[in-house]
């Protein structure tokens, strides 16, 4: 009977056999905590009907366990050397329900999937998360740097409340699941990590003064610009933040934008109220409301 070795020992053995030295700068921090691995897989509630997307599978720490529980796994690995190690490992294990893609996950087109489970390379956390939210899926279980995860779900008025919190608010329900310490990885990162659950939201409209306004792609684009401009100066009044970051919303001339905002304040007391509040104290709904009220005046 073959003695089962620990995940840590198995990982080090595979890396040593292939002469691999992991690069922290490329986000190559491999999970070696079997308890946390089991928890991540459990959180995903996988069935034989699921097609799972995994970004940055590395040598297959999650991939092999995902393949045992799901119908199909799509694993996207950018590092060609690591990709080839994983390919050989899957062949050796006789696993044939994993589709391996060698490429940059931010740039490649995703095949269809319904769940995502990934220990993400932290340097692509933001672009890959927003790319996920353009796809149609049921559930994502994702590992992020703890600081990033805190900002994903930042509450209004706190230091964690950020552009990221406001952008995700209308797109996904974010739930913290568990913390993962640096000792759970090789090489050990200098930061704690968090496992987070994402479930897409489907908010189609918002009510302003008893009138229903659609939140379509065009409206969300305006909202994105307003959020970006305002959070450049999160502690300033939103009017000043917009003026100071006017290039983001299409203005070069400070006086022109100031005149437009002054006119809108005179016409609509609600606009005045929102523009006088500090960005950090405005909820995503209030920023969306302001975006809709400004929409026809922005370039």
Inspect the stretch 17-35 for any residue being part of a loop (DSSP other than H, G, I, E, B) and modelled with pLDDT of 95 or more and give the result as yes or no. yes
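Residue-wise test of (1) at pLDDT 95 or above; (2) in contact with a strand residue (DSSP E or B) (Cβ under 6 Å, 6 or more places away or on another chain); (3) not in a loop (DSSP other than H, G, I, E, B).
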| residue | (1), (2), (3) |
| --- | --- |
| 203 | no, no, no |
| 213 | no, yes, yes |
| 251 | no, no, no |
| 271 | no, no, yes |
For residue 14, all conditions in the list (1) over 24 Å from the mean Cα position of the chain (by Cα); (2) at positive phi hold save one; what is the number of the exception? (2)
Name, by its number, the condition in (1) modelled with pLDDT under 95; (2) surrounded by fewer than 17 Cβ atoms within 10 Å (Cβ to Cβ); (3) under 23 Å from residue 69 (Cα atoms) that does not hold for residue 120. (2)
When residues of the stretch 123-149 are limited to those that are surrounded by 19 or more Cβ atoms within 10 Å (Cβ to Cβ) and more than 13 Å from residue 196 (Cα to Cα), the one farthest from the chain's Cα centre (by Cα): 137
Filter result (under 19 Å from residue 165 (Cα atoms) and surrounded by fewer than 16 Cβ atoms within 10 Å (Cβ to Cβ)) within the stretch 230-276: 232, 235
Here the qualifying pairs (Cβ atoms under 7 Å; residues six or more apart or on different chains; first in the stretch 155-182 and in the same structural domain as residue 133 (by TED's automatic domain parsing); second assigned to a strand (DSSP E or B) and surrounded by fewer than 17 Cβ atoms within 10 Å (Cβ to Cβ)) come out as 171/200; 172/199; 172/200; 173/199; 175/197; 177/197
Flagged pairs (Cβ under 7 angstrom, 6 or more apart or on separate chains; first in the stretch 252-263, farther than 11 Å from residue 297 by Cα; second outside any loop (DSSP other than H, G, I, E, B)) are 254/243; 254/246; 258/243
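Results for (1) closer than 29 Å to residue 58 by Cβ; (2) part of a strand (DSSP E or B), shown as yes or no for each residue.
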site	(1), (2)
149	yes, no
197	yes, yes
219	no, no
223	no, no
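The values are calculated or read from the model by the stated rules, or taken from the named source; none is laboratory data. The model shown is predicted, which means the values in this text are computed figures rather than measured ones. No Cβ is skipped: glycine too gets one built from the backbone with ideal geometry, and neighbour counts run over all protein chains shown.
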